[in-house]
Amino acid sequence: MHPILSRLSRLALYLLAWIPLAALLAYLLAATGGLSRREAISMSLPLCLLYAFVCLFAWYSCRALPSGRSTIGKLLEVHLAASLVASGLWILCAELLAYVFTGMSLFPGLTSRLSRTIPILLGTGVILYLFSVSFYYVLLAVEASQEAEARAMEARVFARDAELRALKAQVNPHFLFNSLNSISALTTSDAPKAREMCVLLGDFLRRTLGLGEKSTIPLEEEISLIHAFLAVEKIRFGTRFRMEENIAREALAMDVPPLLLQPLVENAFTHGIANLVEGGWVRLDARCQNGALSIVVENTFDPDAPPRRQRNGMGLLNVRQRLEARYGDRASFNVRTEGDRFSVSITLPAEREGRAT
Amino acid sequence: MNSRKDTKIRAVIVDDEELARQVIRELLAPHPEIEVVGECANGFEAVKTVTEAKPDLIFLDIQMPKLDGFEVLELIGTGSAIIFVTAYDSYAIRAFEVHAVDYLLKPFGADRFEAALERAKERLDSKSPSAAVPATELAATARPPAQYLERVPVRDGAQVFIIPVAKLDFAEAQDDYVALSAEGKKHLKQQPISSLEAALDPSRFLRIHRSYIVNLERVAKVEPYGKDSHVAVLRNGVQLPVSRAGYARLRAFLDR
């Protein structure tokens with residue numbers, strides 16, 4: 001979209017700005033060519049109106065040749081050539097106009113006097129054209145910086161959205177419903193166990209709710225949240241699962257975004273263990289290496305399980321987006337399937353209370 | 001079947017969680033007219049038990065190992081009244097499309113359970129447990145739109161085979177059945193070929209004949225045969241007749 005042509009009000013303002021230029025040109029014509037005031041004005045007004053439109057087209061050449069992507073020499077070359085062509089055509093028009101005026105015997109002898117002003121016209125034409133070019137480049141630069149700002153804003157909004165989505169998804173309602181159903185079963189058959197499960201579920205829920213407000217927590221805290229989750233699942237799944245943990249001591253104090261790993265462990269249940277008749281295992285590894293904290297969540301699954309039509313991969317996508325939004329290139333997220341094993345590997349900067357270690 | 005009062009209602013409970021089965025067992029306890037003849041923890045077991053025990057009523061979980069509830073239903077047909085029992089509310093519409101008696105959301109209380117049981121009894125007292133539409137057809141229509149079949153469960157007696165559609169070479173209509181050819185073996189499934197066609201991804205499978213659907217990846221060439229008919233030659237050498245309409249569809253696909 002042309003910044004001036006696209007709106008009538010802008011075009012009007014632009015043409016108004018040309019009125020002093022027309023006056024200046026009239027003065028120059030009178031001074032150098034010895035034109036009378038009436039002659040000079042009659043010439044300069046239509047010529048400036050015409051040239052105002054010619055200069056509008058400089059915009060397209062500016063946009064086609066962005067200042068950042070071509071050398072200064074190349075830019076100068078192109079725009080100088082364009083200005084010379086524009087100026088030359090302008091002079092031709094001036095000659096034509098003078099010829100018409102003379103022919104109409106309005107201003108006798110105008111053509112010969114005009115020829116003396118040709119260097120002035122040429123100079124003015126080139127300068128005005130180049131002035132427009134630089135004006136457009138400034139405009140383009142402003143536009144580009146505005147766009148960059150909007151993009152940065154968008155990225156920030158996206159990052160926050162991902163966080164919010166992650167926090168909203170923190171408790172899978174089906175986990176809740178199924179747990180409540182288990183409690184309902186236990187109330188008659190094993191009341192103390194039902195109470196225990198209520199307590200465990202309450203403990204897990206309280207922790208997840210509290211974590212939502214924090215930006216990072218020590219890995220140790222996330223792992224204890226996972227333990228609260230597993231304690232509930234243990235009652236639901238009985239002996240159908242085994243948990244293995246292999247966590248380096250120094251990793252425990254590292255910062256992680258809250259609820260980063262819990263959804264992965266939950267995924268291991270809904271998409272892995274829950275589909276295995278004989279049960280399966282989940283393994284959680286964490287260690288520090290070269291300033292990075294690397295975490296692996298691995299589990300067994302049934303490759304021939306019925307296709308799940310629910311929340312498929314939503315948990316994984318969420319974790320990936322959160323990592324991306326928060327750490328950018330400094331974090332990585334990899335998913336691997338090998339036979340009946342599914343693993344998610346995460347690396348993020350090893351930081352402690354916001355400081356690199 | 002109009003003297004149901006004399007005979008017991010035979011029920012099967014299908015859920016992968018022992019505690020979930022326990023709730024149903026317990027809520028059935030005050031009902032001497034209902035006898036639990038089987039409990040299953042996964043889809044394969046469910047198909048086997050239902051085939052052998054032929055229960056009147058099935059409490060069926062949806063998300064389970066091996067086969068999900070809808071796949072189980074597709075294999076066992078609609079000889080029994082079905083009450084779905086699940087924590088997921090998003091399958092409710094589908095459940096009623098396959099003529100389920102009721103849809104219980106976990107956790108549920110005794111009142112809600114009694115209501116479901118009442119409906120099941122009513123259904124059982126009326127002549128047939130559900131309309132005479134084959135379950136396979138219902139399952140196909142109940143499939144969520146824009147989601148094509150990824151695997152076809154097939155039952156042979158009490159045994160269940162899962163055929164991933166990628167392994168399916170072609171399907172041939174045989175009376176009320178379709179014969180599914182995969183990896184050199186044929187599996188019979190009670191399903192009209194048209195409902196199988198509707199469930200398969202049309203960009204991968206094409207009905208080339210009134211009686212044949214072919215996996216397009218398996219087609220090696222199409223040759224003229226006789227005056228104005230054709231045969232499709234598969235990579236494994238099998239030749240399938242191509243009808244005139246089928247040939248037009250095949251051409252349209254190849255030209256795309």
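One table, with the values for the structure above:
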| item | result |
| --- | --- |
| Estimated FRET transfer efficiency (A:Glu143, A:Asp329; beta-carbon r; R0 35 Å; 0.05) | 0.80 |
| Nitroxide proxy distance, nm - points 7 Å out along Cα→Cβ at A:Thr337 and A:Ser9 | 5.8 nm |
| Sequence of B:Asp169, B:Asp61, B:Asp201, A:Asp190 once ranked by neighbouring C-beta atoms within 10 Å, starting from the fewest | B:Asp201, A:Asp190, B:Asp169, B:Asp61 |
| Degrees, to the nearest 10: A:118-168 long Cα axis against longest axis of chain A | 10 degrees |
| Relative counts (whole %) of C-alpha pair distances in the stretch B:149-255, using bins that are 5 Å wide | 2, 12, 24, 26, 19, 10, 4, 2, 0, 0 |
| Stretchable slack from A:Cys198 to A:Leu65, in nm (0.36 nm times residue separation minus alpha-carbon distance) | 41.0 nm |
| Spatial separation of Cα centroids for the stretch B:96-111 and the stretch B:16-58, in angstrom | 15 Å |
| Global size of chain A as Cα Rg and Dmax, reported in angstrom | 37.3, 118 |
| Packing-based exposure ordering (other Cβ within 10 Å, fewest first) of A:Val54, A:Val138, B:Val98 | A:Val138, A:Val54, B:Val98 |
| The stretch B:173-256: GluC sites (Glu not before Pro) in DSSP loop, at most 15 other beta carbons within 10 Å | B:Glu183 |
| Stretch gain in nm, segment B:Glu183-B:Arg251, where the contour uses 0.36 nm per residue and the Cα spacing is subtracted | 21.8 nm |
| Residue order, fewest to most surrounding Cβ atoms within 10 angstrom, among A:Asp340, B:Asp15, A:Asp302 | A:Asp340, A:Asp302, B:Asp15 |
| Against the rule of thumb 2.2 N^0.38 Å, how large the Cα Rg of the stretch B:9-138 comes out | 0.93 |
| Exceeding the 26 Å Cα-Cα cut-off - candidates A:Lys193/B:Lys106; B:Lys106/B:Lys189; B:Lys185/B:Lys221; B:Lys48/B:Lys185; B:Lys167/B:Lys189 | B:Lys106/B:Lys189 |
| Order by protection proxy (mean Cβ within 10 Å, highest first), peptides A:265-278, B:69-82, A:20-33 | B:69-82, A:265-278, A:20-33 |
| Per-residue average of Cβ from other chains inside 10 Å of A:271-282 | 2 |
| For the stretch A:242-306 and the stretch A:33-68, distance of Cα centres in Å | 71 Å |
| Low-density loop positions, trypsin sites (Lys or Arg not before Pro), the stretch A:17-119 - DSSP coil, at most 15 other Cβ in 10 Å | A:Arg69, A:Arg116 |
| Average beta carbon contacts from partner chains per residue of A:178-191, 10 Å cutoff | 6 |
| Cα pair distances of the protein assembly as shown binned at 10 Å [whole percent] | 3, 12, 15, 14, 12, 11, 9, 8, 7, 5, 2, 1, 0 |
| Average beta-carbon neighbours from other chains, 10 Å sphere, peptide B:87-95 | 3 |
| Normalised contact order of the stretch A:8-156, rounded percent, pairs of Cα under 8 Å and 6 or more residues apart | 29 percent |
| FRET efficiency estimate (nearest 0.05) - Cβ-Cβ, B:Ser194 to A:Phe57, R0 56 angstrom | 0.30 |
| Distant-in-sequence amide H partners of A:Phe241 (H built 1.01 Å from N, under 5 Å) | A:Gly280 |
| √(5λ) per eigenvalue of the Cα gyration tensor, the stretch A:7-64, largest first, Å | 26, 13, 8 |
| In Å, descending, principal axis extents of the Cα set of chain B | 71, 34, 28 |
| Convex hull volume per residue for the stretch A:169-356, taking Cα atoms only, in Å³ | 120 Å³ |
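Just so you know, all these numbers are worked out from the coordinates, no wet-lab data involved. Because the structure is a prediction, the values reported are computed rather than measured. We place every Cβ from the backbone using ideal geometry, glycine too, and count neighbours over all the protein chains shown.
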